[in-house]
Structure formats: structure tokens, C-alpha cells
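Below: one structure, written as C-alpha cells.
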Amino acid sequence: MKHILAFTVGLLTFMCVFLSVGVQGHSVMESSDPAANSTVNKDISSISMTFNTNIEKEKAVYLKNSDGQKIVPDDLSINGNTVEVFFGESLSSGDYTVYWEVYGGDGHPVNGEFQFSVDVDSDEGATDKDSEEVEASVESDNNGVENSSDGGGMSQSADDQETANAAASEDNGVSTPIIVIVIALAVIAVAMFVFLGRKRT
């Protein structure tokens with residue numbers, strides 16, 4: 001009986017340690033600049049990604065625009081858990097998807113993607129719009145209502161970014177090892193119950 005209990009405890013300990021090491025070593029992108037699903041209203045010629053572990057080296061990092069054209073960075077640097085890519089020219093206005101694949105802290109390649117948009121003409125457009133609103137303010141007070149609407153848009157953009165970060169955290173693959181541990185514990189408990197029942201009889 002003592003041998004069975006010792007074996008069971010040892011098996012559970014091994015499973016917990018093995019699975020926890022696998023989960024902790026798995027690298028996951030925690031944030032990026034530009035943030036996922038955000039819109040950049042200024043010239044941008046670099047993109048950075050921050051992970052939960054140090055990154056050994058990159059395997060592939062590139063962009064695709066809305067037309068499907070592949071854009072390869074001119075340079076790349078890795079500093080601890082941060083990967084940054086640089087482009088020779090500023091990105092033009094449009095929608096972009098970042099595709100990345102790197103070797104994480106456990107030595108295995110991990111990959112993912114995220115989207116962002118560039119709208120470098122928005123500042124100029126906003127200036128023209130403000131001028132028109134100033135001229136029209138003599139006849140209408142809608143300027144204040146529109147400014148309030150713009151503030152709501154900024155708040156909604158921040159909410160979208162928080163939602164995207166929460167979704168990325170849920171994809172870390174932590175739930176699967178926990179389910180495996182629970183099932184293993186249940187199977188072992190049932191086996192011990194049956195064995196002890198037979199011994200008593």
C-alpha cells in the first residue's frame with residue numbers, strides 16, 4: 001500500500017512540474033507598438049513587439065498591406081523580450097497585418113499576427129474640418145456635439161485595444177494543461193478507490 005501511495009505522489013509531482021514548465025516556457029506576445037487593431041495618425045517606420053519571455057532569435061517578421069503585398073523590413077533588432085523591425089521609408093496610409101515567427105524562451109518557434117492601420121492624412125483632414133466648423137458656428141452650435149462624438153471614438157478605440165489584449169491572453173494555451181491535470185487526478189483517485197475497496201473485501 002505504501003508503495004502505491006508513493007508512486008501516485010511521485011507521478012502527480014512529475015506531471016505538475018512537467019506541465020508547468022511547458023506552459024511557463026511558451027512565449028506569448030504581450031503588447032506591440034502600434035497596438036493591435038489601432039490606427040496610427042503619424043509617420044511610422046518601425047514596429048516593436050514585447051513578449052513574456054526573452055526571445056532567442058527571429059525566424060520571420062514581415063507585413064502585408066490590404067492588397068496582399070508583402071513588405072519586408074530593412075533591419076531587425078532583439079533586446080531581451082522585445083523585437084523591433086525597421087523600414088527604410090514611412091508606411092503609407094492603409095491597413096496592415098504583421099506576421100511574426102520567433103524562437104521563444106523554450107527554444108521552440110512560436111508565431112502569430114495582428115493588424116493595425118495607418119492614416120497619416122487624418123491630421124490634415126481634421127484641420128480642414130475644424131476650419132469649416134468655425135465658419136459654420138455662426139449659424140449652428142453643432143461643433144460642441146461633434147467634439148463630444150470624437151472623444152467617444154477615442155474611448156471606443158481604447159476599449160477595442162483592451163479587448164484584443166484580453167483575447168491574446170486567453171490564447172496562451174494555459175487551460176489545456178489544467179484540464180489534463182484534473183483528468184489525471186480524477187483517474188488516479190478512482191483507481192485508488194477501487195484498489196482500497198478490493199483490499200477491504
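The values are calculated or read from the model by the stated rules, or taken from the named source; none is laboratory data. Since the structure is predicted, the reported quantities are computational estimates derived from the model, not experimental observations. For neighbour counting, all protein chains shown are included, and Cβ atoms are generated from backbone atoms with ideal geometry for every residue, glycine included.
The rows are residues; the columns are (1) at pLDDT 95 or above; (2) more than 30 Å from I181 (Cβ to Cβ).
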| residue | (1), (2) |
| --- | --- |
| F14 | no, no |
| S38 | yes, yes |
| T50 | yes, no |
| K57 | no, yes |
| Y62 | yes, yes |
| D74 | yes, yes |
| E84 | yes, yes |
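Anything in the range 102-114 that is closer than 14 Å to S32 by Cα and either surrounded by 14 or more Cβ atoms within 10 Å (Cβ to Cβ) or outside the structural domain of I44 (by TED's automatic domain parsing) (or both)? List them, or say none.
G112, F114, listed by residue number.
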